[in-house]
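The values are calculated or read from the model by the stated rules, or taken from the named source; none is laboratory data. Nothing here was measured: the structure is a model prediction, and the numbers come from that model. We place every Cβ from the backbone using ideal geometry, glycine too, and count neighbours over all the protein chains shown. These area figures cover heavy atoms from the full protein model, side chains too; ligands, DNA and RNA do not enter into them. Shrake-Rupley method; radii C 1.70, N 1.55, O 1.52, S 1.80 Å.
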Amino acid sequence: MRYYILFGPPGAGKGTQAKLMVEKYNLHHVSTGDLLRQEIAKESELGKIAKALIDNGNFVDDAIVEQMIENEIENNPHVKGFIFDGFPRTVAQAEVLEKMLQKRSQEVTKVLSIIISDKLVFERIQHRANIEGRKDDANAETIQNRINTYHKKTEPLIEFYKNLGKYNEICGEGTIEDIFEKISSLM
């Protein structure tokens, strides 16, 4: 079983690249954002809690996200591998993922980190808001909070995965095809 983590700031193109990876490599895409949006659409209790946090540019509690991830792994035993998009977001989540996979005698295959500037993050998120109508992407203050949260809580994962020898950096500027070619060279 292969486990890839797509890493990068909001708007880096993780979801777009994940779709291409699914098509080419027959992997199961696990997007915490998509899972949470499904809960919000169902107006479940989890969805209501998640909506309040996301609307303010904050992350959802680790325990909730970790349980969703574990459920996805357990409910898809016959896939060739997984692409985690939006998980882990913190070192604590990465440590939980390591333990989760160790219980299965498995490990993260590679971390594919898409790097773009904060300015480009802002532009892409605003563009996505206009195209997809995502309200969580429309407010400038919320976008800036998401960028700040990424730098503070998520960037420490770079060192974590470098220490494990799993970290691979990809320049996220250029065409979708160029970026996918870079990712494919690392698969």
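Annotations
- Accessible surface of the chain, 1.4 Å probe, proportion on carbon and sulfur as whole %: 49 percent
- Largest-first ordering by accessible area, 1.4 Å probe, given options Asp85, Asp178: Asp178, Asp85
- J(HN,Hα) series, the stretch 177-187, from Karplus relation 6.51 cos²θ - 1.76 cosθ + 1.60, nearest Hz, glycine and proline x: 5, 4, 5, 5, 4, 5, 5, 4, 5, 9, 6
- Cα-Cα separations in the stretch 1-69 greater than 13 Å, expressed as whole percent: 69 percent
- Here the label points at Asp118 and Ala41, each 7 Å from Cα along the C-beta direction, are separated by 3.4 nm in the simple model.
- Accessible area expressed per residue, the stretch 1-107, with surrounding protein chains retained (probe 1.4 Å, Å²): 49 Å²
- Phi angles across the stretch 108-113 convert, under the Karplus curve 6.51 cos²θ - 1.76 cosθ + 1.60 with θ = phi - 60°, into 3J(HN,Hα) values of 4, 6, 7, 10, 10, 9 Hz, Gly and Pro given as x.
- In order along the stretch 21-29, the phi-based Karplus estimate (6.51 cos²θ - 1.76 cosθ + 1.60, θ = phi - 60°) of 3J(HN,Hα) comes to 5, 4, 5, 7, 10, 6, 9, 9, 7 Hz; Gly and Pro are listed as x.
- Pairwise centroid distance, computed over Cα atoms, of the stretch 1-66 with the stretch 171-187, Å: 21 Å
- Label assignment, Cα extents along the principal axes in Å derived from the structure, set [x] 65, 31, 27; [y] 42, 40, 30; [z] 43, 36, 34: [y]
- Report summary: the helix-based calculation at 222 nm, which adds -39500 (n - 2.57) for every DSSP H run with n ≥ 4 and divides by the residues of the chain, gives -17000 deg cm²/dmol.
- Estimated D of the stretch 82-187 in µm² per second, where Rh is the Kirkwood radius over Cα pairs and Stokes-Einstein applies at 37 °C, 0.692 mPa s: 213 µm²/s
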